[in-house]
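The values are calculated or read from the model by the stated rules, or taken from the named source; none is laboratory data. What you see is a predicted model; the values in this text were computed from it and never measured. Please note: Cβ atoms are built from the backbone with ideal geometry, for glycine as well, and neighbour counts cover all protein chains shown. For the accessible areas, the whole protein counts, side chains as well, though only heavy atoms, and no ligand, DNA or RNA atoms are used. Shrake-Rupley method; radii C 1.70, N 1.55, O 1.52, S 1.80 Å.
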Amino acid sequence: MRTATWVTSAVVGVLVLGAGGYAAADAYDLVPGVLTLEPAPSAAPFPTVAAAGPAGPALGPLDPDAPVPAAGPVQAKVDALAADPRLGPSVGVLVVDQLTGEVLGERSAGTGRQPASIAKVLTAVAALTALGPDTTLPTTAVLSDDQVVLVGGGDIMLSDQAGDPDAVDGRAGLGDLAAQTAQALQAAGVTTVRLGVDDSLFTGPTTAPRWDPADVSAGYAAPVTALAVHVGKTDPTKEYCQRHADPALAAGQVFAARLAEQGITVTGSVTRTTAPDGATPVGAVASAPVRDVTEYFLLHSDNTVTEAVARLVAIAQGHPASFEGATAAVLDVVGALGARTAGAHLSDTSGLAAGSAVPATTVLDAVQLATSPAHPELRDIVVGMPIGGLTGTLEDRYLKSDARGLVRAKTGSLKGVTSLAGTVVTADGRALDFVVMADQTPGDQRNARLAVDDFVSSLGACGCQ
């Protein structure tokens, strides 16, 4: 089966969604100081149509014989984008035909630039390759003498109550684990225990050296530990809020409360420990599959979940489960799949840290891997990307564009950085893969996003014969 056939039904064939959904615009991958409530100065409008209206019905398969846009007109669009003052002086662009890989437009695509959150596309490719789409992450409880140890297996989206089989954040629940544990303890005649937490699966610093501490305190990332409740949030009902300074210990305290509700007395404070060899298993719960976790961090641009998954990739590749090990492992995996990683450097795997430099060619190769029929295990990456005008970090973009519902892409936003990587279907029904990276953008980032969205919309409208 050729790419152009399946990618439409999997990527562009979207269901009609209601007015609700995810939070607006790029807020998921913005950091403090990027998005303001002030009007954007001199911002050009989106391409206009009579009305945005509701999304149309799901599209059928693409015709693999649909005309390929001519390179000349596409290159002219690329040149115009690169010269747009809203993007500043450092712009990398690459547009290729999805089916053939033919380059239709390019500007400085081999130069490394700060990727922001489009780095998550690389992490997603590495995760589904190294871990497998169906893998789940265990959180277990074991008994050694008079101590129960809560052992983290990389799931940082535990529920503080019962698990929800329909959720990703909260699929596994500490309430369920406590019920299992209490039943095993009571069957053994044990009603009083000490409680420890083992998060030794991950190593090294829990926050990246080049993360801005203000970003952590604002809730854009949490300390990365091998277990946490609702990504370490102090208030799981909020998209952004303060995170626990030690998410693993906080999870242990929740587990202690759930054990108490089951009639088990926990004495003393919850402490960090290492589960001894030979400890008796007394309970286990499992996360959502890695494919769902990957879709979650792409759709929500969740930095912490991305970093936790990348540590699991590091373990699978024989690297330390640290920031350094994770970044090395992600590039190793995508490079082994054929992506061009020469000149690529990652300071973290989520794109939040300063100092990363990744060429557009590297990101484009990752997108092409995800849209290739040779890698069906990566299909969930493209399916999981936000849809223009409908979901995730693209929900409030492309609302007045004919490309609404036809763009599936990962956003990236930092102070001075705007990026976008994904797919768009042309007016002739041809699927294109694209990457736009600008890392010296002036002023309000909304102007830069408007420029990028205008460009991608023009690709969607392109017959360009």
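Each residue, Lys415 and Lys238, gets one label point 7 Å from its Cα in the Cβ direction; the gap between the two is 2.1 nm. Take the Cα of Ala167, step 7 Å toward its Cβ, do the same at Ser108, and the gap between the two points is 4.5 nm. With contacts taken as Cα pairs under 8 Å and at least 6 residues apart, the stretch 352-451 reaches a relative contact order of 20 percent. Computing FRET efficiency as 1/(1 + (r/R0)^6) for Gln440 and Asp65, where r is the C-beta to C-beta distance and R0 is 51 Å, gives about 0.80.
Stokes-Einstein diffusion of the stretch 96-196 at 4 °C, 1.567 mPa s viscosity, Kirkwood radius from Cα pairs, rounded to a whole number: 73 µm²/s.
Only one residue of Pro67, Ala279, Leu143 has its Cα farthest out toward the positive end of the dipole of the chain, where Lys and Arg carry +1 and Asp and Glu -1 on Cβ, and that residue is Pro67.
Would you mind calculating the gained length between Gln183 and Thr100 on full extension (0.36 nm times residue separation, minus the Cα-Cα distance), in nm to one decimal?
Details: separation 83, 0.36 × 83 = 29.88 nm, distance 5.81 nm.
Net length gain for the segment: 24.1 nm.
Projecting the Cα positions of Ala221, Val363, Gly92 onto the charge dipole of the chain (unit charges on Cβ atoms of Lys, Arg, Asp and Glu, taken about the Cα centre) puts Gly92 furthest along the positive direction.
Restricting to Cα pairs below 8 Å that are 6+ residues apart, what does the relative contact order work out to for the stretch 185-256? Please round to a whole percent.
Working: 84 pairs, mean separation 20.8, N = 72.
29 percent.
Helix 71-82 sits at what angle to the longest principal axis of the chain, using alpha carbons and giving 0 to 90 degrees rounded to 10? So the helix axis and the longest Cα principal axis differ by about 70 degrees.
For the charge dipole of the chain, defined by +1 on Lys and Arg C-beta atoms and -1 on Asp and Glu C-beta atoms about the Cα centroid, which residue among Gly318, Val103, Ala308 has the Cα displaced farthest towards the positive pole? The residue sitting most towards the positive pole is Val103. Scaling against 2.2 N^0.38 Å puts the C-alpha radius of gyration of the stretch 357-424 at 1.15.
Partnerless cysteines in the chain, where a partner means another cysteine C-beta under 4.7 angstrom, comprise Cys241.
Taking amide H as placed 1.01 Å from N in the peptide plane, the amide H of Gly283 sits under 5 Å from that of Ala141, each at least 5 places away or on another chain. What is the angle, in °, between the Cα long axis of helix 323-336 and the longest principal axis of the Cα atoms in the chain? Nearest 10 is fine, range 0 to 90. Approximately 50 degrees, to the nearest ten.
For the chain, what is the calculated [θ] at 222 nm in deg cm²/dmol (nearest 500), taking -39500 (n - 2.57) for each run of four or more DSSP H residues and dividing by its residue count?
Values: 12 runs with 135 residues, N = 465.
The helix contribution divided over the chain gives -9000 deg cm²/dmol.
The solvent-accessible area of Thr265, taken with every protein chain present and a 1.4 Å probe, is close to 80 Å². Its residues counted as N, the stretch 291-360 yields a C-alpha radius of gyration over 2.2 N^0.38 Å of 1.05. In the calculated pair-distance distribution of the chain, the portion above 37 angstrom amounts to 27 percent of the Cα-Cα pairs. When only the Cβ of Lys, Arg, Asp and Glu is charged (+1, +1, -1, -1), the dipole of the chain relative to its Cα centre reaches about 520 debye.
A Förster distance of 51 Å, applied to the separation of the beta-carbon atoms of Asp402 and Ala245, puts the FRET efficiency at 0.60. Remark: relative contact order (the stretch 401-464) = 36 percent; criterion is Cα-Cα distance under 8 angstrom and separation of 6 or more residues.
Expressed in units of 2.2 N^0.38 Å, where N is the residue count, the Cα radius of gyration of the stretch 408-465 is 1.19.
The simple spin-label model puts a point 7 Å past each Cα toward its Cβ; for Ser269 and Ala342 those points are separated by 5.4 nm.
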